[in-house]
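> My questions all concern the structure below.
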Ligand SMILES: *Cc1c(COP(=O)(O)O)cnc(C)c1O
């Protein structure tokens, strides 16, 4: 028997009431993270020619594949070949590595493991949005210590407000520091991070989010793990390794922190095909492929920055050590620029909602053809201003 439309409507209404009465109070006002893919979905797009430069993905795809004979079995909790490969790549021991469903799951696990509802995390905006979202969905408060703008006359960079971070960290279980920072693009001073680590050593965990570290591998703070038991490093295969679709990331820390996270993580966090493909990406051949692409993208980024500095509406082109570039606009609003690009089927990311970032847009570095298309549109915009 088919359910009638009116019956379905009635069910929907009572289900709404039920949600309204049972949902956790702190979730009522929460808006889901506006991920690049929720704003513009791939499968929902009827235009296959769309140029996707809004999610800091890699324009290239590595050749990895999985063996279908594995599908009927549960995967290992932490697949050994994968953990061995990542530990060797990151130069840490295997008990210092946890594989997760992307670095995003690492963020969530840290909060669920070390913060009770009503406790605090500390973030330094403008920064990656998921720290706050993961905290809020767990009823954890978010303390904000904004980055400091440093204007050299040539350009503007951002640095940690170390004394405020140290002061406020007294009330925080976890301090999140993103370096290189998304969406600003530059790294945080290592001495500043060390100052925070020293001041919080016995009190809080300091998380260094290194999602983009392959684009400036010399800037990693992995060498500090042996000295600071409160340091946690987040890594991912989504950016330089070009495997965002796999959902695979890593948390690096002391064995005791990793063991604590293992109490909270799902029983089978890494699907067997994902583990297989990720392990291939971390082989010598896979690493060489990644490094070649990184060099290529870094060169293209530097060329794009040089070009962008000549546009009169590009008030600030922020320095970048990543595969994206943040631009602060003058003369043109970010909404207008975004819409101009959308009409040309090019998706960029508007960052104007972030603290200190009015009228800024973030451009992911794509293929040569994609960047030529981007430069064409910007050049046309410039010609309208003469
Ligand atoms: C993309 C990104 C992540 C999330 O990476 P996934 O592994 O895809 O979950 C984490 N942190 C920052 C700063 C990012 O830009």
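> Take each of the peptides 204-212, 262-270, average the number of other beta-carbon atoms within 10 Å over its residues, and list them starting from the highest.
Highest-to-lowest ranking by the protection proxy: 204-212, 262-270.
> Run the quick spin-label model on residue 372 and residue 37: label points 7 Å from Cα toward the beta carbon, then report their separation in nm to one decimal.
Reported label-point gap for residue 372 and residue 37 is 3.0 nm.
> Now a separate question. Taking a ≥ b ≥ c as the square roots of the Cα gyration tensor eigenvalues, with a/c under 1.5 meaning rounded and otherwise prolate when a/b beats b/c, else oblate, which class fits the stretch 1-137?
Prolate, because a/c is 1.5 or more and a/b exceeds b/c.
> On to the next question. Taking the Cα-to-Cβ direction at residue 382 and at residue 15 and moving 7 Å from each Cα, how far apart do the two end points lie in nm?
5.3 nm
> Sort 152-163, 185-196 by the packing proxy (mean of other Cβ within 10 Å over each peptide's residues), most packed first.
Descending mean neighbour count gives 185-196, 152-163.
> Which value at 222 nm does the chain reach when only helices count, each DSSP H run of 4 or more adding -39,500 (n - 2.57), with the total divided by all residues and rounded to the nearest 500 deg cm²/dmol?
Computed ellipticity for the chain at 222 nm equals -12000 deg cm²/dmol.
> Order the peptides 325-332, 273-280 from the highest to the lowest mean number of other Cβ atoms within 10 Å of their residues.
273-280, 325-332
> Using the Cα atoms of the chain, I'd like the radius of gyration and the largest Cα-Cα distance, Dmax, both in angstrom.
Calculated on Cα positions, Rg and Dmax stand at 22.0, 73 Å.
> Give me the Kirkwood hydrodynamic radius of the stretch 74-282, using the inverse of the mean 1/r over all pairs of distinct Cα atoms, in Å to one decimal.
Evaluated over the stretch 74-282, this radius sits at 17.2 Å.
> Also, quick follow-up: When a/c reaches 1.5 or more, the comparison of a/b and b/c decides; with that in mind, is the stretch 76-153 rounded, prolate or oblate per its Cα gyration tensor?
Oblate, since a/c reaches 1.5 and b/c is not below a/b.
> Where q = 0.15, 0.21 Å⁻¹, what log10 of I(q)/I(0) comes from the Debye formula for the stretch 101-202, counting one point per Cα?
The computed values of log10 I(q)/I(0) come out as -0.60, -1.12.
> How high is the FRET efficiency from residue 61 to residue 330, r the C-beta distance, R0 35 Å, rounded to 0.05?
0.40
> Here's another thing I want to ask about it. Residue separation times 0.36 nm, minus the C-alpha to C-alpha distance between residue 217 and residue 201: what's the value?
So the extension gain works out to 3.3 nm.
> Separate question: Starting from the Cα of residue 4, step 7 Å along the direction of its Cβ; do the same at residue 77; then give the gap between the two resulting points in nm.
5.4 nm
Where a number appears in this text, it was derived from the coordinates with a stated rule and is not lab data. Here the structure is a predicted model, which is why all the values come from computation and not from measurement. Cβ: placed from backbone, ideal geometry, glycine included. Neighbour counts: every protein chain shown.
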